[in-house]
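What follows is a set of notes on a single structure, which appears directly below.
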Amino acid sequence: MPFSAIIFDVDGTLAETEEVHRSAFNETFARHGFEWSWSRELYGELLKVTGGKERMRHYLQTTHPGVLDRPDIDGMIKALHEEKTALYQTMMSEGRVPLRPGIARLLHEAKDAPGIKLAISTTTSNGNVEALLIPALGADVMDWFNALATGEDVTAKKPAPDLYLYALSQLGLPPQECLAIEDSVVGLRSATAAGIPTLVTVSAYTRDNEYPGALAVLSDLGEPDRPFELIAGDAGGCAHVDLSCLEKIHAKAGRG
């Protein structure tokens with residue numbers, strides 16, 4: 001199978017955004033007088049639940065179940081999440097979070113490469129994707145992508161395959177011609193359930209996990225002057241990830 005597309009996750013993969021998400025949740029809770037404070041340890045556990053509203057509901061169910069009996073609970077969670085999202089986007093517009101090593105370089109290379117399509121598959125919102133990428137790469141960056149699948153587009157979020165299946169439908173490609181780049185077990189399960197070979201670059205919240213089924217597990221994409229660390233799998237003998245490296249990794253998936 002030819003290598004025709006790269007599908008990127010966002011949070012933790014393109015940038016270490018989770019601490020900004022956590023800060024935005026905590027500040028939103030405090031503004032409304034809720035004594036809910038998500039520590040790094042707790043948030044790491046909550047990340048196993050994808051989707052902000054779903055994460056809040058899970059937190060309440062496990063720690064404050066009585067709150068879920070409020071007749072306005074659905075509207076309350078929706079309103080809190082909308083406020084948190086607006087706050088997150090404001091924080092991101094201040095340029096708080098740089099892209100991870102190799103991301104900008106690989107995106108620039110891929111967008112100009114004939115025969116390669118770019119896509120995003122993320123449980124976060126379209127607005128959050130733009131809040132990250134536009135300050136980092138310019139106002140036209142969203143035009144670089146041939147497909148955009150966000151949490152607003154499907155009902156079943158990761159680890160269900162729906163987001164990746166939606167991205168594939170936009171790309172018009174079979175899964176075997178694509179390669180997903182993820183940072184989490186949940187994301188890996190989502191991509192592989194859709195039949196897409198997957199490369200993992202671990203993030204601050206996911207580096208201690210195991211990734212069965214990943215083609216390779218790396219510290220990040222690396223740079224020519226700063227190689228990545230190979231944690232598991234086979235990276236084709238590369239020291240940093242570029243299109244040539246991805247083609248080698250993808251070819252190994254086809255032979256696997």
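Secondary structure note: in the chain, about 20% of the DSSP beta bridges are antiparallel. Relative to its Kirkwood radius, the Cα radius of gyration of region 134-227 gives an Rg/Rh of 0.99. Ranking 119, 191, 228 by how far each Cα lies toward the positive end of the dipole of region 99-256 (charges on Cβ) leaves 191 at the top. Here the chain yields Rg over Rh of 0.97, to two decimals, using C-alpha coordinates and the Kirkwood radius. Can you list the aspartates and glutamates whose alpha carbon sits under 14 Å from that of residue 117, skipping same-chain ones fewer than 8 residues off? Reachable aspartates and glutamates: 109, 143, 177, 247. The calculated 222 nm mean residue ellipticity attributable to helices in the chain amounts to -13000 deg cm²/dmol, summing -39500 (n - 2.57) over DSSP H runs of n ≥ 4 and dividing by all residues. Within the chain, the cysteines lacking any other cysteine Cβ closer than 4.7 Å to their own Cβ are 178.
Counting only GluC sites (Glu not before Pro) that DSSP places in a loop and that have at most 14 other Cβ atoms within 10 Å, the longest clean stretch of the chain runs over 36-93. If R0 is 22 Å, the Cβ-Cβ spacing of residue 244 and residue 19 corresponds to a FRET efficiency of close to 0.10. The length gained on full extension between residue 30 and residue 79, counted as 0.36 nm times the residue separation minus their Cα-Cα distance, comes to 16.2 nm. By DSSP, the beta bridges lying fully in region 1-151 are antiparallel in about 10 percent of cases. With a Förster radius of 22 Å applied to the C-beta separation of residue 109 and residue 251, the computed FRET efficiency comes to 0.75.
Since every read-out is calculated from the coordinates, none of them should be taken as a lab result. A quick note: this is a predicted structure, and the numbers were derived from the prediction, not measured. Cβ: placed from backbone, ideal geometry, glycine included. Neighbour counts: every protein chain shown.
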